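Below is one structure, written out as structure tokens; comments come after it.
FYI, it's all coordinate maths here, none of it is from the lab. For clarity, every value in this text was computed on a predicted model and none was experimentally measured. For neighbour counting, all protein chains shown are included, and Cβ atoms are generated from backbone atoms with ideal geometry for every residue, glycine included.
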Amino acid sequence: MSHNNFYFQNSRWLAITTLLYFSSSFGQTFFIAIFAGAIREEFGISHTIWGTIYAVGTLSSAVLMFKFGGFADKREPRRLGSIIIISLAVSCFGMMLVQHAWALPILIFGLRFFGQGFATHLSMVLCGRWFHKNRGRTVAVTSLGFAFGEALLPLIFVSIMGWIGWRFSWGIAALLLLLIALFFKILLNNERTPKSAVDNVSFNNISGLYGKHWTKSEVLKSWVSWPMLVAIMAQSMFGTIFFFQQVTLGIEKGWEINQFAMLVPVYTVVSIISTFIAGSLIDKFGVRRLIPFYLIPSMFGFLIGSFLNDPITSSLTFALLGMTTGLSNSFSGTFWPEFFGTKYLGDVRAIATSSMVIASALGPLFSGFFLDLNISLSVQFQLMALIMSICTIGLGITSLKTKSDMS
């Protein structure tokens, strides 16, 4: 089947997974951070208290994702997806109406759990379950939902906030999510057929390593999953640090206040291109052969970034980090079904989702601790590069050791 025919015949299902991934934007750091200054000023809370509130909400969502991620295996996508998007909208309405600081951790939890956590999780589970041979291309298209959210929503909502204030801006976000929920329900008015005409295989009968269907407990007990889990956590933690500490990084490098933001489009464009290239390569060669390359771009990106100070040459760091993000988008949707099957995919993938969320919460805390010890971001970048090189060795061992065992 040609690429054009694939996209045309599956446009409905691709729209569903992409809408879900786009919806996750409203619970992502890049969106919530827009309102951080206004929220701190409104409630008179310090950077430390706000960071603690954010960490508590994020870590709580990670714990519950690990517990309830298996719902993606047991509930109809139409019902579960609608509940996720509507619950995210309710959290946004809560942010609009909140009057007391004690309620903020609860609302941040709702945004993180239903946004960064479950919307992303369900989107990738559906990619893995609905598609087999074309899983890489599916994940690549779906990831555009997040890319567009990351590129457009901050610009749009900064303008809206300047016009109607931060509270009503959250109300606009909630209304937009309710509209998305309506489109989602219309597009998924009946479940995708049990057998794919494209892949000619039952969704729940795609086995993984050793020809078996892995449960979550079996995955956790197997050495095979841990190199990938550690790599996912490293990429999530270090990527979060890079963007979270952008002001400090600018001060260290002597950049103007807007020069970091001017380089972000380099990151975004490269990540989109890399996602599609990785998706096509995964469909051709399988994810097992490609996972050793996962962290290599970021490894060199952080190493180079520790030495470069000029904003123009530093665009290479942004490009390399964007490349790893693109690879991550594709690998996150293909590694788990290819290695561990699709029967318990929701439960299994919850391990990766919760690990990623935990790492994103802990990254700024660790980085801030090192900064308080006068360990600069440049030195931290070198340490990150070293850790990523060790992770790369682990992924290489995984690829080689499982070569003869894939079904």
> What size of dipole, in debye to the nearest 20, comes out for the chain about its Cα centre when the only charges are +1 on Lys and Arg C-beta atoms and -1 on Asp and Glu C-beta atoms?
Replying inline: 1420 debye
>> Let's test the formula: R0 of 41 Å, r as the Cβ-Cβ distance of residue 187 and residue 56. What FRET efficiency results, to the nearest 0.05?
In response: 0.70
>> In region 208-249, whose amide N lies under 19 Å from the spot 7 Å out along Cα-to-Cβ of residue 404? List them in ranges.
In response: 209-212, 223-224
> Say we join alpha carbon atoms closer than 10 Å with springs in a Gaussian network model of the chain; which of 262, 96, 299 then has the biggest fluctuation?
Replying inline: 262
>> Per 0.36 nm of contour for each residue apart, how much would the distance between residue 45 and residue 155 grow if the chain were fully extended, relative to their Cα-Cα spacing?
In response: 37.1 nm
> Given Cα pairs under 8 Å that are at least 6 residues apart, what percent is the relative contact order of the chain?
Replying inline: 27 percent
>> Give me the extension gain from residue 218 to residue 273: residue separation times 0.36 nm, minus the current Cα-Cα distance, reported in nm with one decimal.
In response: 16.3 nm
> Cα-based Rg of region 360-407 per 2.2 N^0.38 Å, rounded to two decimals?
Replying inline: 1.68
> Rounded, prolate or oblate: which fits the chain, taking a ≥ b ≥ c as square roots of the Cα gyration tensor eigenvalues, rounded meaning a/c under 1.5, else prolate when a/b beats b/c?
Replying inline: oblate
> Using 7 Å Cα-to-Cβ label points, what is the residue 369/residue 261 separation (nm, one decimal)?
Replying inline: 3.2 nm
>> Take the residue pairs 221/401; 74/401; 212/403 and return only those whose Cα atoms are more than 23 Å apart.
In response: 74/401
